Amino acid sequence: MIRTMFSAAALIWALPVAAQTVTIATGEQVEVTVSDTGVAVAGRSKAQPSPWELWMGGEFDAGKHDDASGTNPKAGTDDGVGPNAPTPAPDMLRIRLTATEKGNALLVIENGYAEGMIYRARMTSGGRSAPTDVCIVLPGLVGIEHWPFPIDAMTLSDIRLVPWQSGDDVPCA
């Protein structure tokens, strides 16, 4: 507990606000590293959605996850239905903003860290910008957020790694 508190305090003091912001456009992929000194963009490229993302996009388009909204997360697990989720690269966040076949927005975050990843998000669509709810991205897994409309860009801020273990709550805010 003391170690966790010290680590959290060190992150608060060490990370400048500007270093915590990453903006991504639809159709783009960004690779991000998180360290004691801040958040750094390690690479930026055209998004290459995985078969799992394409399948999940179809699931969202069909309304199969409409009950997973706001602060009510729903797990998209590797349960033998559909393709398996990608395996995150160690010690990296890989973030993609893509569109489903119907044009809805998907934010996909591969978390290759041993801690959970929390962040704030602001979406921009049609020249308008607004904050949006997002959930923690569990350690070593892929998180996916869906909006039933197009989004031009997403700005992620206050990106932090936090302790999380099986059985803990899945906070959304």
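The numbers here are math on the coordinates, done by the rules we state, and not lab data. In this text the structure is predicted, and so the values were computed from the model without any measurement. FYI the Cβ positions are ideal-geometry reconstructions off the backbone, even for glycines, and counts take in every protein chain you see.
Near Thr33: Cβ cut-off under 15 Å, other residues only, Lys/Arg at +1 and Asp/Glu at -1. The net charge is -2.
Applying 0.36 nm per residue to the separation of Phe149 and Val41 and subtracting their alpha-carbon distance, the gain on full extension is 36.2 nm.
Listed from fewest to most Cβ neighbours within 10 Å, the set Phe149, Phe60 follows the order Phe149, Phe60. A cut-off under 9 angstrom between Cβ atoms defines the neighbours of Met92, and their net charge, with Lys, Arg +1 and Asp, Glu -1, is -2. Here the residues Tyr113, Tyr119, ranked from fewest to most Cβ neighbours within 10 Å of their Cβ, fall in the order Tyr113, Tyr119.
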